[in-house]
Amino acid sequence: MALRTIVKFGAVELDTRCTEIEDFTPDLEELTRDMVQTMYAAPGVGLAANQIGLTTRLMVIDITVGEDPKQLIIIANPVMLEMEGDQREEEGCLSVPGHAGVVQRPAWVKVRGQDIKGKEVTMEGTGLLARAFCHEIDHLDGKLFVERLGVLKRDLIKRKIRKQIRQGDW
Ligand code: NI
């Protein structure tokens, strides 16, 4: 087991649509363990594979950040099946450290995917869990939360990050 490096805004993997997993090998379980530990160490409530530089459709979520092991969710090849309602809350991302903004998300979602053995699973979530499902699936589609902000806020964050990059502070 090893902690992986989380790539940041500007990394090409974050703009890449991740590819479906077809072979559910033991390597995948090892990778998933690394992702979970990396998420907990950050700490964060979710992590997508492209955040550690791998463009494979795999994500982990735990809105309790390891407090309750039963809440750990691992999904390969997730697909958003249904959504309902709205919520507006401040959202951030381990790949965009130090920046946050209010993002509109559905209040409830239903997601289908596969577990680490390849078995089909369906899950539902409300509140923070619904937000995490949306945020991580966005990652796997190559989209960051910054792209869902209003244009002014989005440009402000991008300007600040460009300055941080110039200053070698990113
Ligand atoms: Ni994120």
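Read-outs: derived from the displayed coordinates by stated rules, not from any lab. Note that the structure is a prediction, hence the values are computed from the model and not measured. Heads up, the Cβs are rebuilt from the backbone with ideal geometry, glycines too, and the neighbour counts pull from every protein chain shown.
Points worth noting:
- Count of region 85-101 residues, restricted to those that are part of a strand (DSSP E or B), touching a residue at least 40 places away in the same chain (Cβ under 8 Å) and aliphatic (A, V, I, L, M), is 0.
- From Gln37, Gln104, residue being under 30 Å from Leu152 (Cβ atoms) and free of Cβ contacts under 8 Å to residues at least 60 places away in the same chain: Gln104
- Filter result (free of Cβ contacts under 8 Å to residues at least 60 places away in the same chain, part of a helix (DSSP H, G or I) and either within 16 Å of Glu22 (Cα to Cα) or within 16 Å of the ligand (Cβ to nearest atom) (or both)) within region 109-138: Ala130, Arg131, Cys134, Asp138
- Matching entry among Thr126, Thr122, Thr56 (being crowded, with 16+ Cβ neighbours inside 10 Å and β-branched (Val, Ile, Thr)): Thr56
- Subset of region 72-101 [among the hydrophobic types (A, V, I, L, M, F, W, C) and within 16 Å of Lys158 (Cβ to Cβ)]: Cys93, Val96, Ala100
- Criterion applied to Thr32, Thr19 was being more than 13 Å from the chain's Cα centre (by Cα) and touching a residue at least 60 places away in the same chain (Cβ under 8 Å), and the one residue passing it is Thr32.
- Within region 139-151, restricting attention to residues that are within 15 Å of the ligand (Cβ to nearest atom) and among the aliphatic types (A, V, I, L, M), the residue that is surrounded by the fewest Cβ atoms within 10 Å (Cβ to Cβ) is Leu144.
Residues checked against (1) in contact with a helix residue (DSSP H, G or I) (Cβ under 8 Å, 6 or more places away or on another chain); (2) more than 12 Å from the ligand (Cβ to nearest atom):
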| residue | (1), (2) |
| --- | --- |
| Glu30 | no, yes |
| Gln37 | no, yes |
| Tyr40 | no, yes |
| Asn50 | yes, no |
| Leu54 | yes, yes |
| Leu72 | yes, yes |
| Gln87 | yes, yes |
